[in-house]
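J.: If you scroll down you'll find the structure; I have some questions about it.
The values are calculated or read from the model by the stated rules, or taken from the named source; none is laboratory data. These figures come from a predicted structure and were not determined experimentally. Backbone-built Cβ (ideal geometry, glycine too); neighbour counts: all protein chains shown.
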Amino acid sequence: MPVKNRFAELLPEITAWRRDLHENPEILFDTHRTSGIVADKLREFGCDEVVEGIGRTGVVGVIRGRQDGDKVIGLRADMDALPIHEQTGKEYASRTANAMHACGHDGHTAMLLGAAKYLAETRNFAGTVVVIFQPAEEGGGGGKEMCDDGMMDRWNIQEVYGMHNWPGKPVGQFAIRPGAFFAATDLFEIELEGKGGHAAKPQEVVDTGLMTAHLITALQSIVSRNADPVDQIVVSVTSMESSSKAFNVIPQRVELKGTVRTMSPGMRDLAEKRIQEISAGIAATFGGTAKVGYHRNYPVMVNHEEQTQFAAEVAKAVSGGCEDAPLVMGGEDFAFMLEERPGAYILVGNGETAPVHHPEYDFTDDAIPAGCSWWAEVVERRMPAA
């Protein structure tokens with residue numbers, strides 16, 4: 001039976017797994033129920049080895065082909081949800097307040113489980129598949145934790161592949177690009193210190209509100225006047241909190257938080273340097289001081305040329321085509337795995353749904369056969385059995 005037909009047959013079962021995960025979202029590393037379900041299913045499928053607790057709550061399953069082979073391929077799905085209150089109105093909506101699968105990781109986990117079931121029952125390949133179920137993609141760096149636990153060396157993984165659903169793209173259609181794909185995502189905190197006082201006596205204070213207004217505007221000069229116009233960079237101030245909540249008090253302190261998204265190490269260095277300099281300069285101009293914390297988070301996710309071309313060929317075989325994907329300024333901690341091993345990350349269409357990280361987003365179950373088929377075809381084409 002052709003691979004895709006088998007997944008069409010399995011669709012109701014895989015959909016049921018997905019919707020159960022959707023009803024019971026878990027955040028960051030707190031994926032104990034999800035991880036337990038994944039591990040139980042991998043054992044039920046007959047995986048040769050199932051190991052829990054990699055990267056705290058990650059799960060790894062090993063499937064050996066019907067023929068021996070030296071090649072080992074890793075396939076990775078993320079499991080965690082987001083701290084968002086769901087507003088889809090679905091019958092399988094989240095039963096946990098302020099937690100929902102708003103990025104489709106429930107779909108990613110279900111699709112890789114479906115592929116694992118198929119690969120374990122057919123074993124039509126020569127070599128070894130390592131299925132990787134990762135916690136804490138949404139800001140926790142679970143991919144790095146799994147790598148730091150020695151996952152790549154422990155199972156001798158030689159290549160690694162990942163997938164993400166993509167709203168706005170036709171269901172089951174694919175897109176990919178070589179090289180830099182998802183942005184590095186860094187975090188910054190700026191504490192402005194002035195001299196608080198009565199709002200009726202501005203001459204007696206060092207106004208942190210005025211500093212804040214100028215600083216937020218000035219930080220955009222990094223993009224408009226420091227960065228090469230052909231380079232990609234986004235600087236966003238996303239939070240402002242002052243030491244006073246009163247209408248008639250000019251606050252002593254204001255804390256700003258935000259993100260920087262870049263596509264190259266040089267631009268990353270420039271952004272950090274200029275945020276430090278601009279913050280100090282603006283604060284000094286108005287008689288205050290600035291303390292800056294800059295935290296390097298996820299690196300640029302870089303697809304490897306050969307594996308990207310292969311992934312695109314597989315996508316064409318599955319769906320009849322594969323488009324060039326745009327650069328994405330969002331972050332993706334699969335970047336850590338691609339720093340350790342060659343591989344590729346692909347997008348699969350989710351249809352005309354709400355965007356990811358939106359309270360009305362939902363993964364489209366009709367995308368499951370295409371996603372599962374891509375995983376399976378990656379294995380059978382990269383490690384063909386004689």
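J.: Any idea which residue in the stretch 196-247 is farthest from residue 327 (Cα to Cα), counting only those that are without any contact (Cβ under 8 Å) to a residue 40 or more places away in the chain and assigned to a loop (DSSP other than H, G, I, E, B)?
T.: Start the filter on the stretch 196-247 by keeping residues that are without any contact (Cβ under 8 Å) to a residue 40 or more places away in the chain, which leaves 201, 203-204, 213, 217, 220, 223-225, 228-231, 233, 236-242, 245-246.
Filter again for assigned to a loop (DSSP other than H, G, I, E, B), leaving 201, 220, 228-231, 245-246.
On the way: 201: 50, 220: 21, 228: 17, 229: 15, 230: 13, 231: 11, 245: 40, 246: 43 Å.
Looking at the filtered set, the residue picked out is 201.
J.: Of all residues in the stretch 268-310, which are within 21 Å of residue 185 (Cβ to Cβ) and more than 21 Å from the chain's Cα centre (by Cα)?
T.: Listed by number, the residues that qualify are 269, 270, 271, 272, 273, 274, 275, 276, 278, 279, 292, 293.
J.: Another question, then. Go through the stretch 42-73 and give me each residue that's of a type in the set (A, V, I, L, M) and within 15 Å of residue 376 (Cα to Cα).
T.: Scanning the stretch 42-73 gives 62, 63, 72, 73.
J.: Could you look through the stretch 257-283, keep only residues that are small (Gly, Ala, Ser) and in a helix (DSSP H, G or I), and pick out the one that is farthest from residue 224 (Cα to Cα)? Talk me through it step by step, then tell me what you get.
T.: Filtering the stretch 257-283 for residues small (Gly, Ala, Ser) gives 258, 264, 266, 271, 279-281, 283.
Keeping just the survivors that are in a helix (DSSP H, G or I) gives 266, 271, 279-281, 283.
Numbers: 266: 16, 271: 12, 279: 17, 280: 19, 281: 18, 283: 21 Å.
Selected residue: 283.
J.: Name every residue in the stretch 46-87 that is out of contact with any strand residue (DSSP E or B) (no Cβ under 8 Å at 6 or more places or on another chain) and touching a residue at least 60 places away in the same chain (Cβ under 8 Å), in order of residue number. Give the steps one after another, and end with the answer.
T.: Keep residues of the stretch 46-87 that are out of contact with any strand residue (DSSP E or B) (no Cβ under 8 Å at 6 or more places or on another chain), which gives 46, 53, 56-57, 87.
Those that are out of contact with any strand residue (DSSP E or B) (no Cβ under 8 Å at 6 or more places or on another chain) and touching a residue at least 60 places away in the same chain (Cβ under 8 Å): 46, 56, 57, 87.
J.: Just the residues that are surrounded by 20 or more Cβ atoms within 10 Å (Cβ to Cβ) and closer than 18 Å to residue 329 by Cα, please, taken from the stretch 244-298.
T.: Listed by number, the residues that qualify are 260, 261, 262, 263, 267, 268, 271, 298.
J.: From the list 37, 84, 73, exactly one residue is part of a loop (DSSP other than H, G, I, E, B) and modelled with pLDDT of 95 or more. Which is it?
T.: Numbers: 37 fails: part of a loop (DSSP other than H, G, I, E, B); 73 fails: part of a loop (DSSP other than H, G, I, E, B).
Just one listed residue meets the conditions, 84.
J.: Would you check if residue 320 is surrounded by fewer than 20 Cβ atoms within 10 Å (Cβ to Cβ), modelled with pLDDT of 95 or more and at positive phi? So that I can check it myself, show each step before the final result.
T.: On the way: surrounded by fewer than 20 Cβ atoms within 10 Å (Cβ to Cβ): yes; modelled with pLDDT of 95 or more: no; at positive phi: yes.
For residue 320, the condition - surrounded by fewer than 20 Cβ atoms within 10 Å (Cβ to Cβ), modelled with pLDDT of 95 or more and at positive phi - is not met.
J.: Here is a further query. Just checking, does the stretch 102-121 include any residue being in the same structural domain as residue 153 (by TED's automatic domain parsing), at pLDDT 95 or above, within 21 Å of the chain's Cα centre (by Cα) and at positive phi?
T.: Yes: the stretch 102-121 contains one or more residues that are in the same structural domain as residue 153 (by TED's automatic domain parsing), at pLDDT 95 or above, within 21 Å of the chain's Cα centre (by Cα) and at positive phi.
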